[in-house]
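Following: one structure in structure tokens, then a few remarks.
Readers should treat all values here as calculations from the given coordinates under stated rules, not as data from a laboratory. Fair warning: this is a prediction, and the values are worked out from it, not measured in the lab. Neighbour counts are summed over all protein chains in view; Cβ atoms, including those assigned to glycine, are modelled from backbone coordinates with ideal geometry.
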Amino acid sequence: MILAVPPRMFEGESAEYAIIDWRSWKLDRVSRSSLNAETQAAATAVDVLAFCHSFINLMHNPSLALKTAALQTTRTSALVVDAKSLYDSLKKEAPVQGSSDRRTAIEQIGLKQSLLNVGAHVRWVSSERQMADGLTKISARQLFADRLINLFIAYPDNICLLYTSPSPRDS
């Protein structure tokens, strides 16, 4: 889920938000682990974030080159995940060394590069605070509905522009 929020939200304040994009889907590939499922979902979300950056930048400056439109952003953004294992892996210098699943490690390297390209950083929140969980988890739907009604969100410790949550893993 991609949310647009005012810059003050990155300074620890509560703020209104607008949903720019959302998606609830089945993963494209079979996932061997929950870490792999989270990595796939995060990579897709960052690709959508890059598209949103490009779209907004091209609206403001139509003469930008399409290849660099996403890279030329001054907007602060973050990938917010509730999977501590994904957060820890993305914060490590070399995720390949400690990973037992090399495909996941390679995808995480690409994800880290994509995050750098769009100028986003990674934030962790507990599952109860992960807004996008309402798209895929029945237990989180009421909180999600309440947040949609209020159109106001507060994450004083972990503030973000981008939320992502994986769909149930493929079997």
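If amide H atoms are built 1.01 Å from N in the plane of the peptide, which residues on other chains or at least 5 residues away come under 5 Å of the amide H of V122?
So V122 has HN proximity to L79.
Please list, in chain and number order, the residues 5+ apart from D21 or on another chain whose amide H is under 5 Å from its amide H, with Hs placed from the backbone.
Close amide H contacts, sequence-distant or interchain: I2.
Any lysines with Cα under 27 Å of the K92 Cα? List them, leaving off those in the same chain fewer than 8 positions away.
Correct list for K92: K84, K112.
Would you compute, for the Cα atoms of the stretch 10-96, the largest minus smallest coordinate along each principal axis and list the three values in descending order, in whole Å?
Between the extreme Cα coordinates on each principal axis of the stretch 10-96 lie 43, 33, 30 Å.
Highest mean first, how do 5-11, 144-150 rank when packing is the count of other Cβ atoms within 10 Å averaged over residues?
Values: 5-11: 15.1, 144-150: 11.7.
Per-residue Cβ counts within 10 Å, averaged per peptide and sorted highest first, yield 5-11, 144-150.
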